[in-house]
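To start, the structure itself, in structure tokens.
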Amino acid sequence: MPDFLTIPHLTWNALFDILIVAFFIYELLVFIKGTRAVQMAVGLGLIIAFFYLSRWVRLETVSWMLTNVLPYFVFAIIVIFQHEIRRALARFGQAPFFAGFSSINRNEFYDEIILAVTTLAANQTGALIVIERDIGLKTYIESGIALDAALSYDLLVTIFNPSVPLHDGAVVVQSGRVAAAACFLPLTVKPRLSKELGTRHRAAIGVTEETDAVAIIVSEETAAISFAHDGEMERYLDPDTLRLRLRDAFERKAAAAAPRVVVAPAEHRVDL
């Protein structure tokens, strides 16, 4: 029997090796699902397939060109997928066994935020609240004004009062306390994002792309309450739905539906 038809003896070590590789491939596919990386990965796969096809049908010039170009694709992958790689490494290095809010009363935590957000929406006051989970937000905290104050309805409403200098920027909540206000956040670079979404919403999506934090946004023009998580956004939430989203995020429960961007009515304009 030819050597290439010989099936090697399957050992426990080989089986364990296969399972590990399969796990990483599965996690990679789940991670890039629904992101711009999917189209890029498909394009790269087509180029590699075309390379082997050119060798099989003996397209010497094409094969020579791809042979010399493909090694540089390693550097191209690092540049093109830098955001996805950074995000994957950050998630891989996070500690999944420690809950960030184990020492505070979650119900009280939800109530303070939801009540403040509802009041701000009723007054059409823009707001952006980012809540830290497992990945630290120290970089963004240091970009704002340090507070380290107890989280409360009064404090949140006061911070986002337009007459207060701290209102322009994001509030970062860390371990149940308001760590900082007037923080700068990275803007998302998603190319197909609705033009109705202004800087506040784009910053919320951007920080949830970079980290596992969640963000709550109040539109200054439409008074709509939005929730951003994992680079996606769900808009026009009522207080009960917002509470469910917070519970899903911090109590590790499966969300009833994946966060999505809901198309706003044509007559509405989002604050810039």
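In this structure, is R86 modelled with pLDDT under 75, closer than 29 Å to Q174 by Cβ and open to solvent by less than 90 Å² (accessible area, probe 1.4 Å)? Considered against the rule, which asks whether it is modelled with pLDDT under 75, closer than 29 Å to Q174 by Cβ and open to solvent by less than 90 Å² (accessible area, probe 1.4 Å), R86 comes out as no.
The residue that is modelled with the highest pLDDT, among those in region 41-66 that are under 26 Å from K190 (Cα atoms) and surrounded by 15 or more Cβ atoms within 10 Å (Cβ to Cβ), is L44. Pairing residues of region 173-185 that are touching a residue at least 12 places away in the same chain (Cβ under 8 Å) and farther than 18 Å from A203 by Cα with residues that are buried (at least 24 other Cβ atoms within 10 Å of the Cβ) and among the basic types (K, R), at Cβ distances under 6 Å and at least 6 apart in sequence or on separate chains, gives no pairs at all. Taking the numbered list (1) in contact with a Leu (Cβ under 8 Å, 6 or more places away or on another chain); (2) at positive phi in turn, A223 passes all entries but (1). Of the residues that sit in region 124-143 and are hydrophobic (A, V, I, L, M, F, W, C) and in contact with a strand residue (DSSP E or B) (Cβ under 8 Å, 6 or more places away or on another chain), which one is most open to solvent (accessible area, probe 1.4 Å)? Top of the filtered list is I141.
Residue-level check: of (1) at pLDDT 80 or above; (2) surrounded by 11 or more Cβ atoms within 10 Å (Cβ to Cβ), V38 misses just (1). Taking region 124-166 as the range and being assigned to a strand (DSSP E or B) and over 26 Å from D230 (Cβ atoms) as the test, the residues that pass are I145, A146, L147, D148, A149, A150. Sub-9 Å Cβ pairs linking a first residue in region 102-121 that is open to solvent by less than 50 Å² (accessible area, probe 1.4 Å) to a second residue that is at pLDDT below 80, at least 6 apart or interchain, are F109/F101, ordered by first then second residue. Looking at region 141-151, can you tell me whether even one residue there is of a type outside the set (G, A, S), under 21 Å from the mean Cα position of the chain (by Cα) and over 30 Å from Q39 (Cα atoms)? Looking for residues that are of a type outside the set (G, A, S), under 21 Å from the mean Cα position of the chain (by Cα) and over 30 Å from Q39 (Cα atoms), one finds at least one in region 141-151, hence yes.
Of the residues making up region 223-254, those that are under 24 Å from P162 (Cβ atoms) and touching a Pro at 6+ places or on another chain (Cβ under 9 Å) number 4.
The values are calculated or read from the model by the stated rules, or taken from the named source; none is laboratory data. Quick caveat: nothing in here was measured; it's all calculated off a predicted structure. As a convention, Cβ positions derive from the backbone with ideal geometry for all residues, glycine included, and neighbour counts pool all protein chains shown. Ligands, DNA and RNA are excluded from the accessible area calculation, which covers all protein heavy atoms including side chains. Shrake-Rupley method; radii C 1.70, N 1.55, O 1.52, S 1.80 Å.
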